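Novice: Below: one structure in structure tokens.
The values are calculated or read from the model by the stated rules, or taken from the named source; none is laboratory data. In this text the structure is predicted, and so the values were computed from the model without any measurement. Here the Cβ positions follow ideal geometry from the backbone for every residue, glycine too, while neighbour counts run over all protein chains shown. Only protein heavy atoms, including side chains, enter the accessible area calculation; ligands, DNA and RNA are left aside. Shrake-Rupley method; radii C 1.70, N 1.55, O 1.52, S 1.80 Å.
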Amino acid sequence: MKNAWSAVLFLVVAALTPAVAWPSDLPFGGKHLPQLVDSSNLVVVIKKADQLPGGSIEAALFEVTVDTVLKGRAPSKKLTVLVTLIERAVSIGDFSGAVAFLRGPMSEPALREWGIVASGDVYQVAAAGNGLIAMNPARLDAVESYIAAAEAPAGTNVKMKWAERQVKKPDDFLQTSAVFEIQRQKDKERALKALSTVVRSDASTLNARKLAVQVLASSPTTNATDVLQAAAENRRIPALIRRDAVAALSDRADGAAVLEKWKDSKDLLLSSEAEKLAGKKKE
Amino acid sequence: MKNLFNALAVLLIIAAPSRAASLNVNQPADDAIVFSANVAISGTSTAASVKLQSAAMSASIPVINHEWSFSDVPLLPGLNALDLSDDAGGRLTLFITRGTGVTVRPPQKVRLVWEEGTDDELREIARGTLARQLDEPALAEFVRAVKALASGVFRRAYAGVADVRLTDDDGDDVHTIRFLGLDEDAFGLTVTDCGNADLHGRSRVFVGTYRRLLVGHLDQWAPMTENDSPEVRMQDIGEALGRTAAHELGHGLGLVIDDPASPCRWMNGCNISHSCSTFQNLHPGIRRFAEGAFIMDAGDETANHERLAEPGGEGRAERRAPSTFCDFDRSYLRLIHPTGATP
């Protein structure tokens, strides 16, 4: 099922495919739920879409019919939506049943920048066109509950609980979205525990585990070192993740002593990685 | 498919050879790019002989006075993994990419243009991220200093790597990087140009996006705090904007294409013309992605503190640690824009 959703998500229609790559420098976690929700003032489930004339070499215009509004207020059932052809070409098929994270209405200078002349309000797909997410019931539930969590009183840990639920879902997009949310949490000890679970769990995707190690590497809590050490020493964890954990320790001020100890380890992965990384300064 | 890929990556890592001190390669550098079909490889070893195994050849040579050399190693187009071993147990894998479809280009001139609206956005960043409120002259100085610092950070990124020269004037050989006041939910944008065929490229850097993501969200930008001095904040923003400009020009010069239809497909980029972990997961030993410590790492996988040239989020470092180009990217930039070329 996941592959089917992925296929829909990444389907690119040749007619709209630019001949060159249009990479954009997105914010950290820019393609995942926490950042997408924060960046958008209108989030909708789309019923259907039709391409409109008036696009430019850098942007395409669509008229989308809104099925459900999840966040914000849609001025009408039909919206004019601009997709910058930055990250990927977008086809009409990408809209059907998808959730669109929208920003707008766009300002006149912003429209001008993309070479667009439009009479009414135009909304822009967030994250350089990546804010168009293929849906399934689990994802829809995750989006709705995250938006609801944003309105919860401060200090209620609603978003943390949301993340703890999503890391258990068999969906790489939701798991990595959850790790990005955990990274934002102020309750660092609880976040640490959640990250440790992601790294250790066989139910976690490789991407979620790698991201969790990356977040642990940047964690200001000293206990993060213990979690990384435990991950590196755990032979049940994939070698790829263990290797990342060793590298993450080498970047931490309190990791040098651990690496020194591992130089004589009987675990070949630890000894070879420690030998390679010990004393090396971060590039 | 993803699970299959993951399993393959894990298997490859388990099978990865270890590096031992008895065997070293002097030339060429690891993960370098060459345009020739053959390459000479030399190094040192404490053993009696060294064996080389690749997809294109297998051979052994004696070690003389601790030195060894393969003079004519054939390379296939794209990435070549050359497994070297000696009879003292030393083993390593040398990665060399045979690049095609690009050639040496003239020096790249670059124009940094600060468009209308950027001054206001920079002022808002100062007002919205510092506890100490600045008066109008101090804000003007903040704006001036950030622009100067960003320019310096940009120059530093390419210094000694590629012949990139700042200019004030437009021209056919000038790449223009426009700083815009807009918030486009991205920090920058450039069309990737294999081999930098068009020297007259253009990039955008969105200062408004930085403003939106910084003001009111400093907790996501540790080690920034509102108690920082204006000078520290100037440096923060100068580093972030200069790094973004360097990243965008990198795309304009051709880094790091992942399009299988492009003549530059041998770059093996990912995540839409960036460096990310996928490729190095498949080739243990290669280091092209470092969560933002390399300039061409994908933005959505770049930790915010890396944009500030801060090595971590655990308080201010004694010294900033700016991102650099990875070895592979440096090799490419040196080949197409060699430093020391005739002006």
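Novice: Counting pairwise Cα distances across chain A, what percent come out greater than 26 angstrom? Present the calculation step by step, with values, prior to reporting the outcome.
Specialist: Values: 20052 of 39903 pairs.
Percent of Cα pairs beyond 26 Å in chain A: 50.
Novice: Using the crude model of +1 on Lys and Arg Cβ and -1 on Asp and Glu Cβ, and no other charge, please compute the dipole size for the protein assembly as shown relative to its Cα centre, in debye to 20. Could you put the intermediate results ahead of the total?
Specialist: Working: 69 positive and 78 negative charges, 298 e Å.
With only Lys, Arg, Asp and Glu charged at Cβ, the dipole is about 1420 debye.
Novice: Let me ask another. Let me check the size of segment A:197-258 from its C-alpha atoms; what are the radius of gyration and Dmax in Å?
Specialist: According to the Cα coordinates of segment A:197-258, Rg and Dmax are 10.4, 31 Å.
Novice: Could you give the accessible area per residue of chain B, probe 1.4 Å, as a whole number in Å²?
Specialist: Accessible area per residue, chain B: 40 Å².
Novice: If you plug each phi of segment B:315-327 into the Karplus form 6.51 cos²θ - 1.76 cosθ + 1.60 with θ = phi - 60°, what whole-Hz ³J(HN,Hα) values come out, in order, with x for Gly and Pro?
Specialist: Calculated HN-Hα couplings, in order: x, 5, 7, 4, 9, 5, 10, x, 5, 10, 7, 5, 3 Hz.
Novice: How far is helix B:118-129 tilted, in degrees, relative to the longest principal axis of the Cα atoms in chain B, given as a value from 0 to 90 rounded to the nearest 10?
Specialist: Roughly 90 degrees, rounded to the nearest 10.
Novice: In whole Å, what are the Cα extents of the protein assembly as shown along the three principal axes, biggest one first?
Specialist: 79, 56, 52
Novice: Just from its helices, what would the mean residue ellipticity at 222 nm be for chain B, if runs of 4 or more DSSP H residues each count -39500 (n - 2.57) and the sum is divided by every residue, rounded to the nearest 500 deg cm²/dmol? Intermediate results must be reported in sequence, preceding the final value.
Specialist: Details: 8 runs with 99 residues, N = 343.
Only helices count here, giving -9000 deg cm²/dmol.
Novice: What Kirkwood Rh does segment A:136-182 have if only Cα atoms enter the pairwise 1/r average? Answer in Å. The partial results should precede the final answer.
Specialist: On the way: mean 1/r = 0.0945 Å⁻¹.
Mean inverse Cα-Cα distance, inverted, gives 10.6 Å.
Novice: Given the convex hull of the Cα atoms of segment A:174-217, what is a quarter of its surface area in nm²? Can you show the working numbers first?
Specialist: On the way: hull surface 10.4 nm².
If I average the Cα hull's projected area over directions, I get 2.6 nm².
Novice: Lys/Arg Cβ at +1, Asp/Glu Cβ at -1, dipole of segment B:131-288 taken about the Cα centre: which of B:GLY152, B:HIS274, B:MET234 is farthest positive-ward?
Specialist: B:HIS274
Novice: Sorted by accessible area with a 1.4 angstrom probe, largest first, how do A:ILE92, A:ILE116 fall?
Specialist: Details: A:ILE92 70, A:ILE116 5 Å².
The ranking, largest first, comes out as A:ILE92, A:ILE116.
Novice: What's the long-distance tail for segment A:83-208, i.e. % of Cα pairs beyond 18 Å? Let's see the in-between values first.
Specialist: Numbers: 4875 of 7875 pairs.
Percent of Cα pairs beyond 18 Å in segment A:83-208: 62.
Novice: Can you compute the modelled spin-label distance between A:GLU189 and B:LEU218, with each label point 7 Å from Cα toward Cβ, in nm?
Specialist: That separation, rounded to one decimal, is 2.6 nm.
Novice: With a 1.4 Å probe and all protein chains left in place, how much of the accessible area of segment A:97-215 comes from carbon and sulfur atoms, in whole percent? Let's see the in-between values first.
Specialist: Values: 2480 of 4560 Å².
The nonpolar share, carbon plus sulfur, comes to 54 percent.
Novice: Give the distance, in whole Å, between the Cα centre of segment B:171-231 and the Cα centre of segment B:28-85.
Specialist: Taking the Cα centre of segment B:28-85 as reference, the centre of segment B:171-231 is 42 Å away.
Novice: Go ahead and set up a Gaussian network model of chain A, Cα springs under 10 Å, then flag whichever of A:ALA239, A:ALA59, A:ALA212 fluctuates most.
Specialist: A:ALA239
Novice: Tell me, what HN-Hα J-couplings in whole Hz come from the Karplus equation 6.51 cos²θ - 1.76 cosθ + 1.60 at θ = phi - 60° for each residue of segment B:169-176, using x for Gly and Pro?
Specialist: Values per residue, Gly and Pro as x: 10, 7, x, 5, 10, 10, 8, 9 Hz.
Novice: Cα convex hull of segment B:156-293: how many Å³ per residue? If you can, show how the numbers build up before the last one.
Specialist: Details: hull volume 20.4 nm³, N = 138.
That works out to 148 Å³ per residue.
Novice: Still on this model: Gap in Å between the Cα centre of segment B:251-299 and the Cα centre of segment A:104-121?
Specialist: What the calculation gives is 33 Å, centre to centre.
Novice: Given H placed 1.01 Å from N in the peptide plane, which residues other than close sequence neighbours of B:LYS109 have an amide H under 5 Å from its amide H?
Specialist: B:ARG165, B:HIS175
Novice: Taking all protein chains together and a probe of 1.4 Å, list A:THR222, B:THR278, B:THR209 from the most accessible to the least accessible.
Specialist: Numbers: A:THR222 95, B:THR278 60, B:THR209 0 Å².
Sorted by accessible area, descending: A:THR222, B:THR278, B:THR209.
Novice: So how strong a dipole does chain B carry about its Cα centre when Lys and Arg Cβ are +1 and Asp and Glu Cβ are -1, to the nearest 20 debye? The partial results should precede the final answer.
Specialist: Values: 32 positive and 46 negative charges, 169 e Å.
Using only the charged Cβ atoms, the result is roughly 820 debye.
Novice: If you take the beta carbon distance between A:ASP141 and A:SER76 as r and set R0 to 25 Å, what does 1/(1 + (r/R0)^6) give as a FRET efficiency, to the nearest 0.05? Before the final figure, lay out each step's value.
Specialist: Numbers: r = 27 Å, r/R0 = 1.06.
The calculated FRET efficiency here is 0.40.
Novice: Between B and A, buried accessible area summed over both sides at probe 1.4 Å, in Å² to the nearest 100?
Specialist: Values: alone 15890 and 14070 Å², together 25620 Å².
Buried: approximately 4300 Å² between A and B.
Novice: Shifting gears a bit: Per 0.36 nm of contour for each residue apart, how much would the distance between A:SER201 and A:VAL117 grow if the chain were fully extended, relative to their Cα-Cα spacing?
Specialist: On the way: separation 84, 0.36 × 84 = 30.24 nm, distance 5.10 nm.
Stretched out fully, the A:SER201 to A:VAL117 stretch lengthens by 25.1 nm.
Novice: Can you work out the accessible area per residue across chain A, with the rest of the protein chains kept in place, probe 1.4 Å, in square angstrom? It would help to have the intermediate numbers written out before the result.
Specialist: Working: 11870 Å² over 283 residues.
For chain A, the per-residue accessible area is 42 Å².
Novice: So which aspartates and glutamates pass the test for A:LYS78, namely a Cα distance under 20 Å, with those fewer than 8 places away in the same chain ruled out?
Specialist: By straight Cα distance, A:LYS78 reaches A:ASP50, A:GLU63, A:ASP67, A:ASP94, A:ASP121.
Novice: Now for a separate question. Please report the accessible area of B:HIS283 (heavy atoms, 1.4 Å probe, ligands and nucleic acids excluded) in Å², nearest 10.
Specialist: 50
Novice: If you scale each eigenvalue of the Cα gyration tensor by 5 and take the root, what three semi-axes come out for segment B:265-343, rounded to whole angstrom and sorted largest first? Intermediate values should be presented prior to the final figure.
Specialist: Working: eigenvalues 111, 73, 21 Å².
The equivalent ellipsoid of segment B:265-343 has semi-axes of 24, 19, 10 Å.
Novice: Can you tell me the equivalent ellipsoid semi-axes for segment B:207-270? Use √(5λ) from the Cα gyration tensor, largest first, whole Å.
Specialist: On the way: eigenvalues 230, 30, 17 Å².
For segment B:207-270, the semi-axes come out at 34, 12, 9 Å.
Novice: Among B:SER273, B:SER151, B:SER42, which one shows the biggest mean-square fluctuation in a GNM of chain B, springs joining Cα atoms closer than 10 Å?
Specialist: Top of the fluctuation ranking is B:SER42.
Novice: Let me ask something else about it. Using protein chains only and a probe of 1.4 angstrom, how many square angstrom of A:GLU151 are accessible, to the nearest 10?
Specialist: 150
Novice: State the answer as a single residue: which of B:LEU182, B:ASN304, B:LEU130 lies farthest towards the positive end of the charge dipole of chain B, with beta carbon charges of +1 for Lys and Arg and -1 for Asp and Glu, about the Cα centre.
Specialist: Value computed over the given set: B:ASN304.
Novice: Check the straight Cα-Cα distances from A:LYS169 and name the aspartates and glutamates below 13 Å, setting aside those fewer than 8 residues away within the same chain.
Specialist: Once the sequence-local aspartates and glutamates are set aside, what remains near A:LYS169 is A:ASP141, A:ASP202.
Novice: Compute, for segment B:86-243, the length of the dipole vector about the Cα centre, with Cβ point charges of +1 (Lys, Arg) and -1 (Asp, Glu) only. Units Debye, rounded to 20.
Specialist: Values: 20 positive and 28 negative charges, 87 e Å.
In total the dipole reaches around 420 debye.
Novice: Heavy atoms of the protein only, probe of 1.4 Å, neighbouring chains included. What is the accessible area of B:ARG155 in Å², nearest 10?
Specialist: Number for this one is 130 Å².
Novice: Now for a different question. Write down the Å³ per residue value for the convex hull defined by the alpha carbon atoms of chain B. Don't skip to the answer; put the middle values down first.
Specialist: Details: hull volume 54.8 nm³, N = 343.
Measuring per residue, one finds 160 Å³ for the Cα hull of chain B.
Novice: Something else about it: In terms of solvent-accessible area of protein heavy atoms at a 1.4 angstrom probe, what is the ranking of B:ARG165, B:ARG127, highest value first? Can you show the working numbers first?
Specialist: On the way: B:ARG165 75, B:ARG127 95 Å².
Highest to lowest solvent-accessible surface, that is B:ARG127, B:ARG165.
Novice: Now a separate question. Farthest toward the dipole's positive end in the protein assembly as shown, which of B:SER203, A:SER201, A:ALA257, given Cβ charges of +1 (Lys, Arg) and -1 (Asp, Glu) about the Cα centre?
Specialist: It is A:SER201.
Novice: Rounded to a whole number, what % of the accessible area of chain B do carbon and sulfur atoms account for, probe 1.4 Å? Walk me through the numbers before you get to the answer.
Specialist: Details: 7090 of 13750 Å².
Solvent-exposed carbon and sulfur of chain B make up 52 percent of the total.
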